[in-house]
Number of protein chains: 2
Amino acid sequence: MYSIGIDIGATNTDLGLVRNDGTVIDRERLSTQQYDKAENYIADITSAIQQLLTRHDVTALDGIGIGAPNGNHLTGCIEANTANLRIKEQIPLGRALEEAFGTRVRLDNDANAAALGEMVYGGAKGMRNFIMLTLGTGVGSGIVIDGKLLHGTHGAAGELGHAIVSPNGRACSCGRKGCIEMYASARGICQNYIEALEASGRNTTEEEREAVTCQFVGESANAGDPVARKAYDTTAYWLSIALANAAAFSEPEAIFLMGGPTRAGEALLSPLQKYFEENLLFLYKGKIKLQFSTLTGNDTAILGAAALSAEL
Amino acid sequence: MYSIGIDIGATNTDLGLVRNDGTVIDRERLSTQQYDKAENYIADITSAIQQLLTRHDVTALDGIGIGAPNGNHLTGCIEANTANLRIKEQIPLGRALEEAFGTRVRLDNDANAAALGEMVYGGAKGMRNFIMLTLGTGVGSGIVIDGKLLHGTHGAAGELGHAIVSPNGRACSCGRKGCIEMYASARGICQNYIEALEASGRNTTEEEREAVTCQFVGESANAGDPVARKAYDTTAYWLSIALANAAAFSEPEAIFLMGGPTRAGEALLSPLQKYFEENLLFLYKGKIKLQFSTLTGNDTAILGAAALSAEL
């Protein structure tokens, strides 16, 4: 059987036809930023799906899953005024696709989609309790409790990127101080690098400091640069506090990390595992796996979205 | 219909016959510390239950619920070597009572029992997602997700007393630093008071400082003493960070507090509600109730235990 996974980003909308063994058979791509009206956007998504089905003679779908920023799983809509989307009205994509294809459609936020992708196709297969942390421009999270996504009272659970780890720490875009997002997002890691650079006494220009990217810090760390390593050490330390606190909440079987900053590999994972074990409450020491997502490459987001529609 | 609630403390074991409207009809008490063997302890609990049933001609029970320190809901046992219990072997109370009375028996830790008590008989009636924080010698928590207690992978979820709020803060008995327990338990509140006293410049003797109790701090705060009020302000501030982080995890409908320190009333609740709203992520502001347990007095623990056995 087949399902459709749709990964909606600010730049592109990626659609995939997914076989239930987790293979992405075929793809379509729309330019999200080309649209400013929900109606046209929905119509083009509908015909992109139709093309995928027609090309492969697929006549029945298990379902359609959509991962989207600000995706509301209760209404199947992308909320109005979502940051970075040109379409400013609410996008009722769930119901529209349900009517067009007569199949189950599940829409959820991208971190929740990532968590389900890991459970259905990745390293969390068979797990009933785990946490997925998505590191990127921000830090997001999808939490699985007893085999189901944790949604909370109004669908807003799982904002672990805004767990406060340093009450008088860096100012966060949310208006508070010391959220883990300020230390472990791509921008946070750059900030850790710049602070380590300043503390090192190494000569740099303001231009160089402004050009720092997370990818550069990762590559420098893996090339052995002590300043970049120090930056990941700081990232890992603060992240370990947030993860130790999350562990004390739900006692997950595992915590997974994915997203751009994980491309640093061992430069991040090795200090993180060390600090995590140190900072875990004794009850949990040695009992909670901490690893990167086993889903890598371009298919991750499509698989995550497709997983939303899978039978659990 | 009736159920039996058993609240096991280090000093006393309180048993209650509970009608399903939440009235405790009758009680029995054993001196926990009198026992050093599980076998005798179980035998005396069994006959205390029998007496309650006989006195009221009760021939059928909905179930038996037991709240106990270190209660393992998976095995129905109180773990071996539980701190403060004289009986050092494992106590297989669940199975013993199941066999003796032919009814469902649920044993769980005391904070989980308190959470269920609130859900079945108290202010959380009808709620599907909430958190109960128990303030006392330590800080415990019971977490309800989707109408069920959150137990985690091995039954050790919900250790919110050991959420780290101040990574370089006070040394905790768990071996780490800055757990909320060090700021919001009875001992933590006394410490907040002593620090406020020292900062105030008020003259005190070491004897006076050593004699400080949480009850004294509460009474002083309610009598208007600015030093005691400052102590609760500090308690409330740190607690608000832990609760804001817990909110970002599960987006509960409400957070309840119970236990000795809540007897301070508004001296704790008023600054806590203020800081909590301030420190909540914007998504949740104004949407999460923060209140004291509506169950008060001697029946709370028995009702909590009885609730464990109630149909949910």
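Of note:
- The single condition among (1) under 30 Å from residue B:174 (Cα atoms); (2) more than 21 Å from the chain's Cα centre (by Cα) that residue B:72 does not meet is (2).
- Conditions (1) buried (at least 20 other Cβ atoms within 10 Å of the Cβ); (2) under 28 Å from residue A:150 (Cβ atoms): number failed by residue A:35: (2)
- Residue, farthest from residue A:118 (Cα to Cα), within the range A:227-261, restricted to residues that are more than 14 Å from chain B (Cβ to nearest Cβ) and open to solvent by 20 Å² or more (accessible area, probe 1.4 Å): A:230
- Candidates B:224, B:286: the one that is within 14 Å of chain A (Cβ to nearest Cβ) and outside any helix (DSSP H, G or I) is B:286.
- Hits in the range B:262-279 - residues which are within 17 Å of residue B:133 (Cα to Cα) and within 14 Å of chain A (Cβ to nearest Cβ): B:275, B:276
- Total residues in the range B:102-116, condition open to solvent by 40 Å² or more (accessible area, probe 1.4 Å) and without any contact (Cβ under 8 Å) to a residue 60 or more places away in the chain: 1
- Where a residue in the range A:245-274 is under 20 Å from residue A:285 (Cα atoms) and its partner, wherever it lies, is assigned to a loop (DSSP other than H, G, I, E, B) and open to solvent by 30 Å² or more (accessible area, probe 1.4 Å), with Cβ under 6 Å and at least six apart: A:248/B:159; A:251/B:153; A:253/B:153
- Positions within the range B:277-304 being hydrophobic (A, V, I, L, M, F, W, C) and touching a residue at least 40 places away in the same chain (Cβ under 8 Å), in sequence order: B:288, B:290, B:295, B:301, B:302, B:303
- Search result, residues across the range B:156-177 that are under 18 Å from residue B:134 (Cα atoms) and open to solvent by less than 30 Å² (accessible area, probe 1.4 Å): B:156, B:157, B:158, B:160, B:161, B:162, B:163, B:164, B:165, B:172, B:174
- The selection criterion, being modelled with pLDDT of 95 or more, touching a His at 6+ places or on another chain (Cβ under 7 Å), surrounded by 14 or more Cβ atoms within 10 Å (Cβ to Cβ) and farther than 29 Å from residue B:174 by Cα, holds for residue B:26.
- Just one of the listed residues (B:64, B:45) is closer than 20 Å to residue B:1 by Cβ and surrounded by 19 or more Cβ atoms within 10 Å (Cβ to Cβ), and it is B:64.
- Tally of residues being within 12 Å of chain A (Cβ to nearest Cβ) and among the small types (Gly, Ala, Ser) across the range B:289-301: 0
- Filtered by the rule that a residue be surrounded by 14 or more Cβ atoms within 10 Å (Cβ to Cβ) and not aliphatic (A, V, I, L, M), the range B:13-22 gives B:13, B:14, B:16, B:19, B:20, B:22.
- Residue among A:204, A:153, A:134, A:213 that alone is of a type in the set (Ser, Thr, Tyr), within 12 Å of chain B (Cβ to nearest Cβ) and open to solvent by 10 Å² or more (accessible area, probe 1.4 Å): A:153
- Looking at the range A:146-221, the helices (runs of 4 or more DSSP H) lying wholly inside it that each contain 2 or more residues that are under 27 Å from residue B:168 (Cβ atoms) sit at A:181-184, A:186-200.
- Residue A:142 being out of contact with any Lys or Arg (no Cβ under 9 Å at 6 or more places or on another chain) and within 14 Å of chain B (Cβ to nearest Cβ): yes
- Residues in the range A:74-87 that are of a type outside the set (S, T, N, Q), surrounded by fewer than 18 Cβ atoms within 10 Å (Cβ to Cβ) and touching a residue at least 24 places away in the same chain (Cβ under 8 Å): A:74, A:86.
- Residue check, residue A:304 at pLDDT below 95, farther than 30 Å from residue B:168 by Cα, more than 14 Å from every other protein chain (Cβ to nearest Cβ) and buried (at least 18 other Cβ atoms within 10 Å of the Cβ): yes
- Residue in the range A:160-189 that is nearest to residue B:153 (Cα to Cα), counting only those that are touching a strand residue (DSSP E or B) at 6+ places or on another chain (Cβ under 7 Å) and facing chain B (nearest Cβ under 8 Å): A:160
A quick yes/no check of all residues on (1) among the aliphatic types (A, V, I, L, M); (2) on the phi > 0 side of the Ramachandran plot:
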position	(1), (2)
A:13	no, no
A:16	no, no
A:20	no, no
A:48	yes, no
A:63	no, yes
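- Any chance residue A:147 is at positive phi and crowded, with 21+ Cβ neighbours inside 10 Å: no
- Checklist (1) in a helix (DSSP H, G or I); (2) surrounded by 15 or more Cβ atoms within 10 Å (Cβ to Cβ) applied to residue B:278, failing item: (2)
The values are calculated or read from the model by the stated rules, or taken from the named source; none is laboratory data. In this text the structure is predicted, and so the values were computed from the model without any measurement. Quick reminder, even Gly has a Cβ in these numbers, built from the backbone with ideal geometry, and neighbours come from all protein chains shown. With ligands, DNA and RNA removed, areas are computed over all heavy atoms of the protein, side chains included. Shrake-Rupley method; radii C 1.70, N 1.55, O 1.52, S 1.80 Å.
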